[in-house]
Structure formats: structure tokens, C-alpha cells
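First up is the structure itself, then whatever we jot down about it.
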Amino acid sequence: MRKPIMAANWKMNKTLPEAAAFAQGMADVRSLSDKVETVVCPPFTCLAAVADALTAKGIAVGAQNLYPADKGAFTGEVSPEMIRSIGCVYVILGHSERRHILGESNGFINEKIKKALEHGLIPILCVGETLEERQSGKTKEVCETQLEGSLKEIPKEAAARTVVAYEPVWAIGTGVNASVQDAQETILTVRNWFVQTYGQETAAQVRIQYGGSVKPENAAEYMSQPDIDGALVGGASLEPDSFLSIVKGAL
Ligand code: PGA
């Protein structure tokens, strides 16, 4: 049985005092933790403070990126060990904003996934098509290419631990969420890719989220689908009450 995982992606939002206010306003979710895993991914500048405050409330913390090297001359970058050392468990990799704005390739994302796993971090690997790709019927092909490139040479056990977020690019931050049927259908395609690549057992273990304009009003509907195991939430995760009601959509 896969445990639902509801994750907040704050992106480039919140100063340290704003992050502290969120942590203070967030309920203790330990009583829900048998049924749902809750994760918050703040920017690097408040990662340690948020990890301290939220871990005590039963909420795991994740980073939004890492650099795929142990240490050294990489000005401005942050290593997996640094992230791990402040109590982070997860790391978002392959987000469409990094693919499209910063030009990250599947090969580079693959290096990051390998390093994350080597250091005991669980990647939340994002995949998803643009509007143009969807309109030309390429959704399945795009997601499969991203999965193949990003998970190249990742062994079965590590693949089973990885979380995948299916995030159609056209649904991110637009208020136009994918229909529940479309999200389920593509997520099933993603799961079938795991069946073909790693076998039935791994495919049954891997958790796959939907992301793209998830809100308190639609979270439960996504969670009612057989293959949707969670949500990756941007805009609607910035307020404690809103994020908490999305988390409760998994119950
Ligand atoms: P959104 O972002 O919820 O604001 O659409 C989701 C994401 O980018 O992870």
C-alpha cells in the first residue's frame, strides 16, 4: 500500500521571517502521519530554520535543487551532503521551471538524482509536457523520454524510493489544472513505464504525484484516483491553512 505524499513547493517565495511565520501557523500533523506524509520544500535561505520548526510537527523538509558534486569549486551551488546535514529528506529535481528557464537537461537531472540517492535523499522527480506537446499528442512520449533520461542507470531499489511528480507545464501556476481523468491517465502511463523498466513490484511501490494548480477545492478529487499518490503544490502551499486542507485531501 502506497502512503500518500503531499508536498509544498514554495519556489522563490518567503523571506526567513515569512517562513518562520508559516512554520508557526502550520498545525502539528503527527496525528495524520499514519495516513499521509507531509513535506515542505522552502528556498535554501530558510531551509535549516524550517527544518528545525517543522520536523517537530511531523512534517518532512525538502530542498528545491542540489548540485551533483560532493564539494569543491562550484560557486553559488549547494551539495547533497549540506542539504542532508540540516535534516532534509527530499529534494525536488527536474522541475519544469529548471528545465525551461535554466535549461537543465535529462542528463544533468540524472547526475543530480544519482548524487541525491547516494547521499540518502529522496528525489521528487518532475516530468510533464508543454501545451504544444499535449496538443500534438506527445504527452506520453515526452514523459517517457524524461523518465528514461532522468532515471538512467538508477537501480530498482532506488527507483522504488523515488517519488515522481507528473506536472503538465501548462497547468503550473496558471489556475488551469489538468482534469482528474487526464491526470490519472498520464500517471498510469508513468506507472506503466515503471512496469516495463523495473517490473510490476517496483511499479506498485513508486509514488506518483500530480502537480499543477492543485488547490484545497480539487485535492481530494485527484487523491480519489487509483494511481495518484499525492500532490506537489506551488501557489496554494504558501499559506498554512490552504496547504493543510490540501494535505487533508489525502485522508
Ligand atoms: P502550482 O505549482 O501549484 O502553483 O501550479 C506547482 C509546481 O510547480 O510544483
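Scanning the range 41-64 for residues that are farther than 20 Å from MET12 by Cβ and either in a loop (DSSP other than H, G, I, E, B) or under 16 Å from the mean Cα position of the chain (by Cα) (or both) turns up ALA56, LYS57, GLY58, ILE59, ALA60. Restricting the range 226-239 to residues that are within 16 Å of the ligand (Cβ to nearest atom) and of a type in the set (Asp, Glu), the residue that is nearest to PRO4 (Cα to Cα) is ASP229.
Which of the residues belonging to the range 162-196 are assigned to a helix (DSSP H, G or I), under 27 Å from LYS115 (Cα atoms) and more than 11 Å from the ligand (Cβ to nearest atom)? Give the derivation first.
Here is the first cut: in the range 162-196, the residues assigned to a helix (DSSP H, G or I) are 169-171, 180-196.
Subset that is under 27 Å from LYS115 (Cα atoms): 169, 187, 189-196.
Scanning the range 162-196 gives ILE187, THR189, VAL190, ARG191, ASN192, TRP193, PHE194, VAL195, GLN196.
Take the conditions under 13 Å from the mean Cα position of the chain (by Cα) and either at pLDDT 95 or above or among the basic types (Lys, Arg) (or both) and apply them to GLY199. Does it pass? I'd like the intermediate steps shown before the answer.
Numbers: under 13 Å from the mean Cα position of the chain (by Cα): no; either at pLDDT 95 or above or among the basic types (Lys, Arg) (or both): yes.
No.
Here is a check on your reading of the model: is ALA7 modelled with pLDDT of 95 or more, within 16 Å of the ligand (Cβ to nearest atom), small (Gly, Ala, Ser) and not in a helix (DSSP H, G or I)? Criteria met by ALA7.
Search the range 226-241 for residues being closer than 12 Å to GLY211 by Cβ and not in a loop (DSSP other than H, G, I, E, B), and hand back the single one that is nearest to the chain's Cα centre (by Cα). Top of the filtered list is LEU232.
The C-beta contact set for the range 17-38 (first residue in a helix (DSSP H, G or I), second residue at pLDDT 95 or above and among the acidic types (Asp, Glu), distance under 9 angstrom, 6+ apart or interchain) comprises PHE22/GLU239; ALA23/ASP52; GLY25/GLU239; GLY25/ASP241.
Yes or no: GLY137 more than 16 Å from GLY94 (Cβ to Cβ) and either among the hydroxyl-bearing types (Ser, Thr, Tyr) or within 15 Å of the ligand (Cβ to nearest atom) (or both)? Here the answer is no, as GLY137 does not meet what is asked.
You will find that of THR75, THR55, the residue that is of a type in the set (Ser, Thr, Tyr), in contact with a Gly (Cβ under 7 Å, 6 or more places away or on another chain) and surrounded by fewer than 18 Cβ atoms within 10 Å (Cβ to Cβ) is THR55 and no other. Looking across the range 197-225 at every residue that is within 12 Å of the ligand (Cβ to nearest atom) and aliphatic (A, V, I, L, M), the one that is surrounded by the fewest Cβ atoms within 10 Å (Cβ to Cβ) is identified as ALA219. Taking the numbered list (1) away from the ligand (no atom under 16 Å from the Cβ); (2) buried (at least 19 other Cβ atoms within 10 Å of the Cβ); (3) under 27 Å from ARG30 (Cβ atoms) in turn, ILE124 passes all entries but (1).
The values are calculated or read from the model by the stated rules, or taken from the named source; none is laboratory data. Bear in mind the structure is a predicted one, so any value in this text is a computation, not a measurement. Neighbour counts run over all protein chains shown; Cβ positions are idealised from the backbone, glycine included.
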